[in-house]
1. Return yes when Pro192 is under 16 Å from the mean Cα position of the chain (by Cα) and farther than 30 Å from Cys105 by Cβ and no when it is not.
2. Say whether the condition of being at pLDDT below 95, more than 28 Å from Lys183 (Cα to Cα), under 20 Å from the mean Cα position of the chain (by Cα) and surrounded by 18 or more Cβ atoms within 10 Å (Cβ to Cβ) is met by at least one residue in the stretch 199-222.
3. Tally up the residues in the stretch 124-150 that are crowded, with 23+ Cβ neighbours inside 10 Å and either among the small types (Gly, Ala, Ser) or within 13 Å of the chain's Cα centre (by Cα) (or both), please.
4. Out of the residues in the stretch 1-37 that are in contact with an Asp or Glu (Cβ under 6 Å, 6 or more places away or on another chain) and not aliphatic (A, V, I, L, M), state the one that is farthest from Gly66 (Cα to Cα).
5. Considering Ile171, Ile112, which residue is farther than 21 Å from Ile264 by Cβ and not small (Gly, Ala, Ser)?
6. Working only within the stretch 178-198, note down all residues that are surrounded by fewer than 16 Cβ atoms within 10 Å (Cβ to Cβ) and part of a loop (DSSP other than H, G, I, E, B).
7. Could you check the stretch 7-88 for helices (runs of 4 or more DSSP H) lying wholly inside it with 3 or more residues that are touching a residue at least 24 places away in the same chain (Cβ under 8 Å) and either acidic (Asp, Glu) or under 20 Å from Pro190 (Cα atoms) (or both)?
Amino acid sequence: MRLIVDSGSTKTDWICINDTGQTLFDTQTKGLNPQVLTEQIIEERVINNYDLYQNRKKISHLYFYGAGCGTELPRKLIKKVFERIFVNSALDIKEDTYAAVYATCDFGKKSITSILGTGSNCTYFDGKNILQKVDSLGYIIMDDASGNYFGKQLIRDYYFNKMPLSIQKKISESFDMQSNSIKDHIYKRPNPNTYLAKFGRFVIDNKDLPYFKKLIRKGFNLFINNQIEQFSDCKEIPLHFIGSIGFYLKEELEEVLIAKGMNIGRVLRKPIDGLVNYHLNQI
């Protein structure tokens with residue numbers, strides 16, 4: 001039994017297949033980002049899932065692609081937790097960027113794949129190898145055009161009175177905007193990036209209002225300027241996107257890309273199905 005796992009900061013998709021590619025079960029847990037979660041929380045989120053706990057000793061291979069796994073230390077943390085749970089499994093731990101590339105790119109052809117979900121990042125694929133020019137520093141410093149980016153901007157504009165009163169009213173009716181509540185979620189509770197990203201849905205639902213059009217355009221331009229334009233041939237090759245922000249704001253994203261002379265490629269909400277096909281070809 002092989003487990004293929006795509007883990008973001010908000011949620012984690014798990015698919016278990018056999019050696020012929022038949023799906024044995026699929027399930028979902030909360031996100032397992034080792035940059036913002038402790039070993040204990042990660043372990044609890046896995047073993048509290050019935051399918052995973054019942055089959056933990058039957059898994060022979062586990063392929064994990066996770067947000068927050070771009071450096072050695074968090075990868076070691078995830079591996080340590082999984083070694084205690086999936087005791088008979090070989091483990092392959094990679095950053096979620098690899099999942100995005102494997103799900104969208106054509107091998108042998110150059111392209112750029114970006115993740116625009118709870119967080120954001122960008123990867124160049126030369127047809128065979130993966131290249132990143134920017135090390136992710138997480139939701140506080142980076143993550144332009146992500147769910148948590150838009151959450152931060154909304155909260156700032158709300159408190160600095162930089163949005164129309166009608167939108168302020170709408171936000172206060174949809175979220176607890178008391179300062180104590182916001183500070184508690186951001187500075188004291190686990191997963192502050194996921195909390196901020198919840199505001200992303202509000203941006204998507206109100207995308208046709210002038211304030212949000214400007215906000216979305218600014219976020220996408222920042223991401224393109226800081227990430228995609230790191231690569232000199234970005235106007236000559238397809239640009240693929242994975243994640244709910246890119247997926248639900250595809251029209252707005254494409255408008256910004258066209259204005260910059262760039263070509264949009266595949267846009268997927270999540271990479272898990274493409275990942276399964278990739279691993280089936282590796283068996």
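The values are calculated or read from the model by the stated rules, or taken from the named source; none is laboratory data. Computed from a predicted structure; not experimentally measured. FYI the Cβ positions are ideal-geometry reconstructions off the backbone, even for glycines, and counts take in every protein chain you see.
1. Values: under 16 Å from the mean Cα position of the chain (by Cα): yes; farther than 30 Å from Cys105 by Cβ: yes.
The answer is yes for Pro192.
2. No, every residue in the stretch 199-222 fails to be at pLDDT below 95, more than 28 Å from Lys183 (Cα to Cα), under 20 Å from the mean Cα position of the chain (by Cα) and surrounded by 18 or more Cβ atoms within 10 Å (Cβ to Cβ).
3. Keep residues of the stretch 124-150 that are crowded, with 23+ Cβ neighbours inside 10 Å, which gives 125, 139, 143, 145-150.
Remaining after also requiring either among the small types (Gly, Ala, Ser) or within 13 Å of the chain's Cα centre (by Cα) (or both): 139, 143, 145-149.
The qualifying residues number 7.
4. Initial filter on the stretch 1-37 (in contact with an Asp or Glu (Cβ under 6 Å, 6 or more places away or on another chain)): 6, 13, 15, 25, 27-28.
Checking which are not aliphatic (A, V, I, L, M) leaves us with 6, 13, 25, 27-28.
Values: Asp6: 6, Asp13: 10, Phe25: 20, Thr27: 16, Gln28: 14 Å.
Of everything passing the filter in the stretch 1-37, Phe25 is farthest from Gly66 (Cα to Cα).
5. Exactly one residue qualifies, and that residue is Ile171.
6. Answer for the stretch 178-198, where residues must be surrounded by fewer than 16 Cβ atoms within 10 Å (Cβ to Cβ) and part of a loop (DSSP other than H, G, I, E, B): Gln178, Lys188, Arg189, Pro190.
7. Values: elements: 39-47, 50-54, 72-85.
So the answer is 39-47, 72-85.
Residue-wise test of (1) of a type in the set (A, V, I, L, M); (2) in a helix (DSSP H, G or I); (3) within 16 Å of Gly219 (Cβ to Cβ).
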position	(1), (2), (3)
Gly108	no, no, no
Ser114	no, no, yes
Thr118	no, no, yes
Gly127	no, no, no
Tyr139	no, yes, yes
Lys152	no, yes, yes
Asn161	no, no, no
Asp176	no, no, no
